[in-house]
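One structure is given here, and the rest of the page talks about it.
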Amino acid sequence: MSGLTVLIIRHAEKPDEDWPGPGLTPDGMKDKKSLVIRGWQRAGSWAALFGGGLKGDAFPQPGAIYAADPKQSGKEPSQRPHETITALAERLRLKPVTKYALGQENQLVAEVIGLTGVVLICWEHKAIASAIVPNIAKGQVLQGLPAKWDGDRFDVVLRFDRTASGAPWSFRQLLPCLLSNDTANPMK
């Protein structure tokens, strides 16, 4: 199979002022760079969705998972992308690829688009919109491609498909509505 499907999600929910509570490490220690309880719930729902075949072919099981390096992503490295995919990686018995940090999106995309199969990327939302998506699309006009990633959206999957290396991409936004208050409205 020479086709490629790239699934992109942003890290799950993070601390924001007094709501929705503090970020917590997997051991329950407060950490402003970790997920909040709802974020850990979302991480579990992604694991069920992509690791359990809950919604059929729209949400295929990844053969590779990439997340921003939790040790090198900026001055105070965010743990959230890695924490978001840990349960899924464990469920699928995959070792997450974390060799790229925030700011290395060009290298990340160059590697990913050379692969085949299904690849899931979990990253910071601003870098998804400003660097990852444009590097995948490479100027190709794709219907429904959002111009930015809304800061309050944690419930969207961007899906890029191509049949072979060098073939044009198809694109769609997937809205699985896994947790309460998730929306079925695509980003613009």
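The values are calculated or read from the model by the stated rules, or taken from the named source; none is laboratory data. If you're wondering where the values come from, they're calculated on a predicted model, not measured in any experiment. No Cβ is skipped: glycine too gets one built from the backbone with ideal geometry, and neighbour counts run over all protein chains shown.
Remarks
- Residues being surrounded by 19 or more Cβ atoms within 10 Å (Cβ to Cβ) and in a loop (DSSP other than H, G, I, E, B) - total across segment 31-52: 3
- Residue pairs whose Cβ atoms lie under 6 Å apart, sitting 6 or more positions apart in sequence or on different chains, and linking a residue in segment 161-179 that is touching a residue at least 24 places away in the same chain (Cβ under 8 Å) to a partner that is surrounded by 15 or more Cβ atoms within 10 Å (Cβ to Cβ) and of a type in the set (S, T, N, Q), are Asp161/Thr5; Leu178/Ser45.
- Test: Ile132 is among the aliphatic types (A, V, I, L, M), closer than 29 Å to Pro20 by Cβ and in contact (Cβ under 8 Å) with a residue 60 or more places away in the chain: yes
Table: residues versus (1) in contact with a strand residue (DSSP E or B) (Cβ under 9 Å, 6 or more places away or on another chain); (2) modelled with pLDDT of 95 or more.
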residue	(1), (2)
Met1	yes, no
Gly21	no, no
Gly28	no, no
Asp57	no, no
Pro77	no, no
Leu88	yes, yes
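- Among the residues making up segment 168-181, those that are in a loop (DSSP other than H, G, I, E, B) and either in contact with a Ser or Thr (Cβ under 9 Å, 6 or more places away or on another chain) or at pLDDT 95 or above (or both) are Pro168, Trp169, Leu175, Pro176, Cys177, Leu178, Leu179.
- Every condition in (1) part of a loop (DSSP other than H, G, I, E, B); (2) in contact with a helix residue (DSSP H, G or I) (Cβ under 9 Å, 6 or more places away or on another chain) holds for Ala127 except the one numbered (1).
- Residue within segment 173-184 that is of a type in the set (Val, Ile, Thr) and crowded, with 17+ Cβ neighbours inside 10 Å present: no
- Among residues of segment 83-124, those that are closer than 22 Å to Leu49 by Cα and not in a helix (DSSP H, G or I), counted: 15
- Scope segment 55-67; condition touching a helix residue (DSSP H, G or I) at 6+ places or on another chain (Cβ under 6 Å) and either free of Cβ contacts under 8 Å to residues at least 12 places away in the same chain or closer than 18 Å to Asp182 by Cβ (or both); matching residues: Phe59
- Positions within segment 13-45 being out of contact with any Pro (no Cβ under 9 Å at 6 or more places or on another chain), in contact (Cβ under 8 Å) with a residue 60 or more places away in the chain and of a type outside the set (Lys, Arg), in sequence order: Pro26, Gln41
- Residue match in segment 147-159 (condition: of a type outside the set (Asp, Glu), farther than 17 Å from Arg10 by Cβ and either in contact with a Ser or Thr (Cβ under 8 Å, 6 or more places away or on another chain) or at pLDDT 95 or above (or both)): no
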